[in-house]
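Asker: One structure, pasted below without further comment.
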Amino acid sequence: MSNQNFWVLFELSDHRPVRVSLELMQKARALADEKGQKAVALIIDEDPAQAAAAAFQNGAQTVIQVKQKAGFENAAYITSKLVEKYSPLALFVGATSTGGDTAAQIAARNSIGIACDCTDVAFTDSGVNWIRPSYDGQLYATITIETYPQIGTFKTGIFKLDEASFAETGEVLEESVEVPDSVMLTNFLGYRPDDELAQANIEDADIVISGGRGCGSQEEFDKLYELAALVGGSVGASRAAVEEGWVSKDRQVGITGKTVTPKLYVAIGISGALPHVNGMKNSDVIVAVNNDPNAGIFKYAHYGIVADLHKVVPEMISRFKAVKGQG
């Protein structure tokens, strides 16, 4: 397995893989099939069975599982030892708060190159090309690293998560790595639910209602929450709306925020600047509401409404309430 195969380091929450790990698994499988290599999932958890099953369903051909306590310091140490042993071509890691810390430690421990917050990856005759935004999303840079293995990190939503359609089983390699006590500087005690934070996980939403500076005020922006609740969706925002202070950055969509790929994305009062568009352009259906017929967002919308959003949004709320018998 020397300098071949695409690995995905799985991040788990309560023994279940987070969305970005499954997205990266599907991408790794596509690259592996293209180049005649293998897609490998690395799972570190005291009970990895559920995550391993999900890995196979989303494209893993081999699962390396380590039945040991998780935690980013522990995971980084274990992964660094296994990377040294197997020498994969590339390791994909989610650009989450945990994943970012883990990837950085692995890169430092193994003295290998890392490309962070990538938006794509391609394998060419010259090697691995990591693509990431620059100049606030106005341009893209292609990064090549001359040595192997290499690490790339990706935010949730960069790669669309298709319905799982691969085999339910495959090759499983059991590994065990002794972790020195000096490595574990953080002790994970447990989860404390945060309802507000959970609602801001817009990457997992099937419907996202996003507002921009065109909303004009906090009062008008807040109407989007009512609309989103009626359709079972979540509220997103452009960077301009965040800068106005109408909404937290946790809900920002775009290159400098979150990337989303919902079944339905509704852009209300959003001009369509490239950094924002790059965070939502892969949505299944895009609906734009803007009073400017030349707004850039209409270039990407499947359906466009050229009208005053202050009239459209209340009308949409009224219509959905009527459908639900709330009118």
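The values are calculated or read from the model by the stated rules, or taken from the named source; none is laboratory data. Everything numeric here is computed off the predicted structure, so don't read it as measured data. Ideal geometry is used to build each Cβ from the backbone, glycine not excepted, and the neighbour counts take in all protein chains shown. Keep in mind that these areas ignore ligands, DNA and RNA; they rest on the heavy atoms of the full protein, side chains included. Shrake-Rupley method; radii C 1.70, N 1.55, O 1.52, S 1.80 Å.
Asker: Which of the residues that make up segment 68-119 are surrounded by fewer than 18 Cβ atoms within 10 Å (Cβ to Cβ) and on the phi > 0 side of the Ramachandran plot?
Answerer: 87, 111, 117
Asker: Run residue 62 past the list (1) open to solvent by 10 Å² or more (accessible area, probe 1.4 Å); (2) more than 21 Å from residue 282 (Cβ to Cβ); (3) touching a strand residue (DSSP E or B) at 6+ places or on another chain (Cβ under 6 Å); (4) of a type in the set (Ser, Thr, Tyr) and report the number of the one that doesn't hold.
Answerer: (1)
Asker: Got at least one residue in segment 47-59 being in contact with a helix residue (DSSP H, G or I) (Cβ under 8 Å, 6 or more places away or on another chain), farther than 16 Å from residue 148 by Cα, of a type in the set (A, V, I, L, M, F, W, C) and modelled with pLDDT under 95?
Answerer: no
Asker: Within segment 286-303, track down each residue that is in a strand (DSSP E or B) and either open to solvent by 50 Å² or more (accessible area, probe 1.4 Å) or touching a residue at least 24 places away in the same chain (Cβ under 8 Å) (or both). Don't jump to the end; show me each part of the working.
Answerer: Going through segment 286-303, the residues in a strand (DSSP E or B) turn out to be 286-290, 303.
Hits for segment 286-303 are 289, 290, 303.
Asker: On the basis of being open to solvent by 40 Å² or more (accessible area, probe 1.4 Å), of a type in the set (Ser, Thr, Tyr), in a loop (DSSP other than H, G, I, E, B) and touching a Pro at 6+ places or on another chain (Cβ under 9 Å), does residue 148 make the cut? Talk me through it step by step, then tell me what you get.
Answerer: Numbers: open to solvent by 40 Å² or more (accessible area, probe 1.4 Å): yes; of a type in the set (Ser, Thr, Tyr): yes; in a loop (DSSP other than H, G, I, E, B): yes; touching a Pro at 6+ places or on another chain (Cβ under 9 Å): yes.
Yes: the conditions hold for residue 148.
Asker: Right, here's the next one. Limited to segment 261-271, what total is found for residues that are buried (at least 23 other Cβ atoms within 10 Å of the Cβ) and at pLDDT below 95? Spell out how you get there, then give the answer.
Answerer: Taking segment 261-271 and keeping what is buried (at least 23 other Cβ atoms within 10 Å of the Cβ), we get 262, 265-270.
After this cut, where a residue has to be at pLDDT below 95 as well, the list is 262.
Residues meeting the conditions: 1.
Asker: Of all residues in segment 152-211, which are part of a loop (DSSP other than H, G, I, E, B), of a type in the set (Phe, Trp, Tyr) and modelled with pLDDT of 85 or more?
Answerer: At the first step, the residues of segment 152-211 found to be part of a loop (DSSP other than H, G, I, E, B) are 155-170, 176-194, 200-201, 205-206.
Next, only the ones that are of a type in the set (Phe, Trp, Tyr) stay: 159, 166, 188, 191.
Passing the criteria: 159, 166.
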